[in-house]
Amino acid sequence: MECRECMDLLADYVDGTLPKDQAELLDWHLEGCPNCVAFVNTYKGTVDAARRLRETKIPPELQQKLVAFLKRSARA
């Protein structure tokens, strides 16, 4: 397994939904790849931080501007 393949599996790996055989291959890769270990740890930290965020409402004016921006971006 190459580093690029590991990145494709990362979300399911962190969520614990990656099939066992793929998780074992990823674990094996991580044992020998400090760069991927660092990336996985950073990814896990980001996921954990995002889960702790509270959901808040954005002001209606900002919501309208965001929707307009996204529509313009989709057309471009």
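The values are calculated or read from the model by the stated rules, or taken from the named source; none is laboratory data. Given the structure is predicted, the values throughout are model-derived calculations rather than measurements. Glycine gets a Cβ as well: all are built from the backbone with ideal geometry, and neighbour counts include every protein chain shown.
Count, please, the residues in the stretch 27-57 that happen to be aliphatic (A, V, I, L, M) and either exposed (fewer than 10 other Cβ atoms within 10 Å of the Cβ) or under 12 Å from the mean Cα position of the chain (by Cα) (or both).
Here is the first cut: in the stretch 27-57, the residues aliphatic (A, V, I, L, M) are 30, 37-38, 40, 47, 49-50, 53.
Keeping just the survivors that are either exposed (fewer than 10 other Cβ atoms within 10 Å of the Cβ) or under 12 Å from the mean Cα position of the chain (by Cα) (or both) gives 40, 47, 49-50, 53.
Of the residues in the stretch 27-57, 5 are aliphatic (A, V, I, L, M) and either exposed (fewer than 10 other Cβ atoms within 10 Å of the Cβ) or under 12 Å from the mean Cα position of the chain (by Cα) (or both).
I need every pair where a residue in the stretch 20-42 that is within 10 Å of Cys6 (Cα to Cα) has its Cβ under 7 Å from the Cβ of a residue that is of a type outside the set (Phe, Trp, Tyr) and loosely packed, with under 13 Cβ neighbours inside 10 Å, sequence separation at least 6 or different chains.
Correct list of pairs: Cys36/Cys3.
Could you list, ordered by first residue, the pairs with Cβ atoms under 7 Å in which the first is in the stretch 49-65 and modelled with pLDDT of 95 or more and the second is surrounded by 10 or more Cβ atoms within 10 Å (Cβ to Cβ), at least 6 apart or interchain?
Note: no pairs meet the criteria.
In the stretch 9-26, how many residues are surrounded by 11 or more Cβ atoms within 10 Å (Cβ to Cβ) and acidic (Asp, Glu)? Spell out the reasoning first.
Keep residues of the stretch 9-26 that are surrounded by 11 or more Cβ atoms within 10 Å (Cβ to Cβ), which gives 9-14, 18, 22-26.
Okay, now just the ones that are also acidic (Asp, Glu), so 12, 24.
Matching residues across the stretch 9-26 total 2.
Tell me which helices (runs of 4 or more DSSP H) are completely within the chain and hold 2 or more residues being small (Gly, Ala, Ser), or say none if there are none. Give the steps one after another, and end with the answer.
Values: elements: 3-15, 20-31, 34-52, 60-75.
It comes to 34-52, 60-75.
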